[in-house]
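Beneath this line is the structure, given in structure tokens, with notes to follow.
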Amino acid sequence: MPDITTNTGVLTSLAAQQGGVDIVLDHITKQYPGQQRPAVEDFSMRVEPGELIMFVGPSGCGKTTTMKMINRIIEPTSGSIRINGDDVLSLDGNELRRHIGYVIQQIGLFPHFTIAENIAIVPKLLGWSKARIAERVDELLRTVQLDPGTFAQRYPRQLSGGQQQRVGVARALAADPPVMLMDEPFGATDPITREKLQAEFLRIQADIGKTIIFVTHDFEEAIRMGDRIAVLSDRSQIEQFDTPARILAEPANDYVRSFIGEGAALKRLALIPVTDARIGSADAAAPAVTVDEHSSLREALDTLVLTGAARVNVTRAGAVVGSIDQAAISAALGSEGPARRAEEA
Amino acid sequence: MATKATVSLIPGTGLNDETGALLTGFNWEDLMAFLTRRADDILELTRDHLVVVVVSVVLAAIIGIGLGILVRNRRIARTTVLTAAAVAITIPSLALLALLSPVLGLGWLPTVVALVFYSLLPVVRNTVVGLREVPVSVLESARGMGLGPTRILFTVQLPIAWPVIMTGIRVAAQLTVGIAAIAAYVAGPGLGEYIFKGLSSLGSKNALNYALTGTVAVIILALVLDGILVLVARLTTSRGLRA
């Protein structure tokens, strides 16, 4: 079995990559026997290192199937998948999966393992020392904001849904895999917990910069979290693959438009920081009406509407640096699309 | 079943009591004397009874869990095994012993074979049910983390199914303690000997003492064994699985 050595070499190099690697899906098709049409047909995509890619689409469109072919929970019928340049279809499936983080909606914590033991599963498989595992478990629990002293020795059933999913994320990150696959990870939680988990995860991702494929049917979640969004239709066909701002500004077709739904402009404003708008001089008339410069234009507009003021003052670290009005906000919205195109050209 | 057979002896006595003409009177001092005189004998029979039950249940657990693992994901095999085991358990124990004895002779061998036979149903059924109750999400996350099928079976499925399997083993043990008493019919070991002695010497002075001693000892043995198994189940089940 000459492959073994090369496999180990590839996996070692994968294990050494912690920041994120590129993923190339090349003409992937999944045809289930006895079904007329493939579940996924001729899917090609290139994901850059450290990108958080959202797959959005209705249930049954093949988005989850597409994702699961990357760690070969589902084997593609044809096509090739390369992670960091290496063909994953030639690797041992179980070995491969130990180097790809995997988070699912139902979490799937082992009920008979403590939280610490759950997080230690993959490091143990990889033969880490006890001391290293213990240290890593501690570190990860802190990362997902669970106190190790309180939670390490508890069992999953003693945790709330939100806490369990935090552990699910910690467990997927345990061996510091360069790639993470997330299948509607926050879908089963209530809206408040979900927003919290999303924000927390974005904060973690800003630190670790993994390459992530994140499947969701919630377009709001996709806009909020994704670096780029792939809007998928039946058989995992890519209707549009672009940044959230660009998809909102220029939906490729009616299908994408139907996904965006009402209020596209407001959704776009939520993505644009206040500093992108033309900031005029400070408005002395209403000094109490302020937004921080790190807020979004949507928050600025919200403040305008709520207070009825003509202008809202923009503050930097508490000090007023200028103000914007509704015209400036509208202008920022109008310039968003063309400006980005110019950048790329 | 043994219990049922002996219980009927007591109303039998009661009937005599009603008529006022006691054939085999019950006398507390007589019983005490009987127990004292035969203490060693009773202990030995109890020990044999326990050993034959433990040996049979352990064998049945090994075979039953193995069988359960083999058929759990094969629909036809699973149905066949579970149906066969369910039918098997309806065969009267006395009839089974009568069938086994001409082939296997007398004593321990036919007894153990018969007891394993009856123990299999609860063990196989609970193994299959327990394994199939492991949540799909747990299996998927296990696979997603790179655990192979064998590792998943031993570190995920069996431990999670364990409380259910242990319940099956407890049922098997209870069943077996009773049936082992019947095995005295083919000269099997254990307390059945006293029960049969009582039955065959109805009317004699010690008939009731024999039957009563055998029956009560079987009940005590069953309770103690169950208590031990509850403890074992508790100690071998993860705290995370306790309700």
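The values are calculated or read from the model by the stated rules, or taken from the named source; none is laboratory data. None of these values were measured; they are calculated from a predicted model. Methodologically, a virtual Cβ is constructed for each residue, glycine included, from the backbone with ideal geometry; neighbour enumeration extends over all protein chains shown.
Can you tell me which of B:217, B:183 is touching a helix residue (DSSP H, G or I) at 6+ places or on another chain (Cβ under 9 Å), surrounded by fewer than 23 Cβ atoms within 10 Å (Cβ to Cβ) and away from chain A (no Cβ under 14 Å)?
B:217
For the range A:164-197, give me the residue count where each residue is more than 13 Å from chain B (Cβ to nearest Cβ) and surrounded by fewer than 18 Cβ atoms within 10 Å (Cβ to Cβ).
6
Considering only the range B:186-199, how many residues are buried (at least 24 other Cβ atoms within 10 Å of the Cβ) and either at positive phi or not in a helix (DSSP H, G or I) (or both)?
Qualifying residue count for the region: 3.
With the structure loaded, tell me whether residue A:150 is more than 22 Å from residue A:230 (Cα to Cα) and away from chain B (no Cβ under 11 Å) or whether it fails that test.
It is true that residue A:150 is more than 22 Å from residue A:230 (Cα to Cα) and away from chain B (no Cβ under 11 Å).
Taking the range A:100-145 only, how many residues are small (Gly, Ala, Ser), within 14 Å of another protein chain (Cβ to nearest Cβ) and without any contact (Cβ under 8 Å) to a residue 40 or more places away in the chain?
Within the range A:100-145, residues that are small (Gly, Ala, Ser), within 14 Å of another protein chain (Cβ to nearest Cβ) and without any contact (Cβ under 8 Å) to a residue 40 or more places away in the chain number 2.
Considering only residues that are under 22 Å from residue B:28 (Cα atoms) and in contact with a Lys or Arg (Cβ under 9 Å, 6 or more places away or on another chain), which ones fall in the range B:152-208?
Matches in the range B:152-208: B:194, B:206, B:207.
Of the numbered conditions (1) farther than 20 Å from residue B:108 by Cβ; (2) more than 14 Å from the chain's Cα centre (by Cα), residue B:223 fails exactly one; give the number of that condition.
Residue B:223 satisfies all of (1) farther than 20 Å from residue B:108 by Cβ; (2) more than 14 Å from the chain's Cα centre (by Cα) except (2).
Which residue out of B:202, B:212 is away from chain A (no Cβ under 14 Å) and either on the phi > 0 side of the Ramachandran plot or outside any helix (DSSP H, G or I) (or both)?
One residue alone meets the criteria, B:202.
Give the residue that is surrounded by the most Cβ atoms within 10 Å (Cβ to Cβ), with candidates limited to residues of the range B:220-243 that are within 30 Å of residue A:113 (Cα to Cα) and β-branched (Val, Ile, Thr).
B:237
Which pairs turn up if I take residues in the range A:69-96 that are away from chain B (no Cβ under 14 Å) and look for partners that are among the aliphatic types (A, V, I, L, M) and part of a loop (DSSP other than H, G, I, E, B) with beta carbon separation below 8 Å, at least 6 apart in sequence or on another chain?
Within 8 Å, the pairs are A:83/A:21; A:84/A:21.
Residues being loosely packed, with under 15 Cβ neighbours inside 10 Å and touching a helix residue (DSSP H, G or I) at 6+ places or on another chain (Cβ under 7 Å): count how many of those fall in the range B:50-69.
Qualifying residue count, the range B:50-69: 0.
I'm trying to understand the selection: among the residues of the range A:177-200, which are of a type outside the set (Val, Ile, Thr) and farther than 24 Å from residue A:73 by Cα?
Answer for the range A:177-200, where residues must be of a type outside the set (Val, Ile, Thr) and farther than 24 Å from residue A:73 by Cα: A:190, A:191, A:194, A:195, A:196, A:197, A:198, A:199, A:200.
Test residue A:19 against the stated conditions and say whether it is away from chain B (no Cβ under 14 Å) and either part of a helix (DSSP H, G or I) or out of contact with any Asp or Glu (no Cβ under 8 Å at 6 or more places or on another chain) (or both).
Yes.
Kindly indicate whether residue A:176 is in contact (Cβ under 8 Å) with a residue 24 or more places away in the chain and either farther than 24 Å from residue B:238 by Cα or charged (D, E, K, R) (or both).
Taking the combined requirement at face value, the residue satisfies it.
Output yes when any residue across the range B:107-114 is on the phi > 0 side of the Ramachandran plot, touching a residue at least 60 places away in the same chain (Cβ under 8 Å) and not aromatic (Phe, Trp, Tyr), and no when none is.
Yes.
Listed residues B:14, B:25; which is surrounded by fewer than 11 Cβ atoms within 10 Å (Cβ to Cβ), at pLDDT below 85 and not charged (D, E, K, R)?
Of B:14, B:25, the one residue that is surrounded by fewer than 11 Cβ atoms within 10 Å (Cβ to Cβ), at pLDDT below 85 and not charged (D, E, K, R) is B:14.
Within the range A:222-303, which helices (runs of 4 or more DSSP H) (wholly inside it) include 2 or more residues that are of a type in the set (D, E, K, R)?
Qualifying helices (runs of 4 or more DSSP H): A:254-260, A:264-269.
Only one of (1) within 14 Å of the chain's Cα centre (by Cα); (2) surrounded by fewer than 18 Cβ atoms within 10 Å (Cβ to Cβ); (3) on the phi < 0 side of the Ramachandran plot; (4) modelled with pLDDT of 90 or more fails for residue A:209. Which number is that?
(3)
Exactly one condition in (1) over 26 Å from residue B:136 (Cα atoms); (2) outside any loop (DSSP other than H, G, I, E, B) is false for residue A:50; which is it?
(2)
Looking at the range A:48-55, is at least one residue touching a Leu at 6+ places or on another chain (Cβ under 7 Å) and modelled with pLDDT of 90 or more?
For the range A:48-55, residues touching a Leu at 6+ places or on another chain (Cβ under 7 Å) and modelled with pLDDT of 90 or more: present.
Of the conditions (1) modelled with pLDDT under 95; (2) of a type in the set (Val, Ile, Thr); (3) within 23 Å of residue B:51 (Cβ to Cβ), residue B:123 fails just one. Which one is it?
The number of the failed condition is (1).
Output the helices (runs of 4 or more DSSP H) that fall wholly within the range B:50-168 and possess 3 or more residues being small (Gly, Ala, Ser), away from every other protein chain (no Cβ under 14 Å) and farther than 30 Å from residue A:127 by Cα, or say none.
B:75-88, B:93-104
Do we find a residue being within 14 Å of another protein chain (Cβ to nearest Cβ) and free of Cβ contacts under 8 Å to residues at least 12 places away in the same chain anywhere in the range A:156-163?
yes
Go through (1) more than 19 Å from residue A:223 (Cα to Cα); (2) touching a residue at least 40 places away in the same chain (Cβ under 8 Å); (3) crowded, with 16+ Cβ neighbours inside 10 Å and name the single condition residue A:271 misses.
Residue A:271 satisfies all of (1) more than 19 Å from residue A:223 (Cα to Cα); (2) touching a residue at least 40 places away in the same chain (Cβ under 8 Å); (3) crowded, with 16+ Cβ neighbours inside 10 Å except (1).
May I ask you to say which residue of A:252, A:317, A:284 is closer than 30 Å to residue A:59 by Cβ and among the hydrophobic types (A, V, I, L, M, F, W, C)?
Sole residue among the options that is closer than 30 Å to residue A:59 by Cβ and among the hydrophobic types (A, V, I, L, M, F, W, C): A:252.
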